[in-house]
Amino acid sequence: MPESKSNLNDSVSDLIDMSDITASKQKGPLKIVHVCMQEFGGAGKAAYRLHKGLQSIGVNSTMVVFNKKSDDPSIKVLPESFSGGNLSCLDVPAYESAIWRQAWARWDDISKSYPDRPAGLELFTDAESEVRLDFIKEIQEADIINLHWVAGMLNYP
């Protein structure tokens, strides 16, 4: 018979020294940043669950998004401008990024150039972005950067 969830978690805890996960030996608490387009939707919900799970075991976890619906202060919003160097994310409640709206319009235009594409398919995205994640303070300070759905957030030609 399969182990119950609590027994499985207990078994994992016995195998893993949680102090290795929750603290970096050189800099103090391990900092993890989850980068995702938003904290809602399929990928956003999965990223958010992982983020909150890590927080529940003492990991310093932050989520960085373009679009935010919740008032969770551990979810930060990327700035609208990427000129300069050391930029901090915004600590705001619900927010929809203008950069996201521009990217969506661009992707919609690209999709229109494929008139035979069946209706109802997932969003078509490209590999271009004006976003400079390397300028973001929260990302610069992270020990681990976990990329989830990052359409419109990275240039990867």
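Descriptive notes on the structure:
- Being surrounded by 11 or more Cβ atoms within 10 Å (Cβ to Cβ), under 17 Å from the mean Cα position of the chain (by Cα) and either aliphatic (A, V, I, L, M) or more than 17 Å from GLN38 (Cβ to Cβ) (or both) is true of ILE139.
- Members of the range 88-118 found to be more than 21 Å from GLU39 (Cα to Cα) and not polar (S, T, N, Q), listed by number: ARG106, ASP108, ASP109, ILE110, LYS112, TYR114, PRO115, ASP116, ARG117, PRO118
- Subset of the range 123-136 [crowded, with 16+ Cβ neighbours inside 10 Å, within 13 Å of VAL35 (Cβ to Cβ) and of a type outside the set (A, V, I, L, M, F, W, C)]: SER129, ARG132
- Where TRP149 falls short, out of the listed (1) in a helix (DSSP H, G or I); (2) of a type in the set (Phe, Trp, Tyr); (3) modelled with pLDDT of 80 or more: (1)
- Some residue of the range 31-44 being modelled with pLDDT of 75 or more, surrounded by fewer than 19 Cβ atoms within 10 Å (Cβ to Cβ) and touching a Phe, Trp or Tyr at 6+ places or on another chain (Cβ under 7 Å): yes
- Residue check for SER97: over 15 Å from VAL150 (Cα atoms) and hydroxyl-bearing (Ser, Thr, Tyr): no
The values are calculated or read from the model by the stated rules, or taken from the named source; none is laboratory data. Just so you know, these numbers come straight off a predicted model, no measurement behind them. Cβ coordinates were reconstructed from backbone atoms using ideal geometry, including for glycine residues, and neighbour counts include every protein chain displayed.
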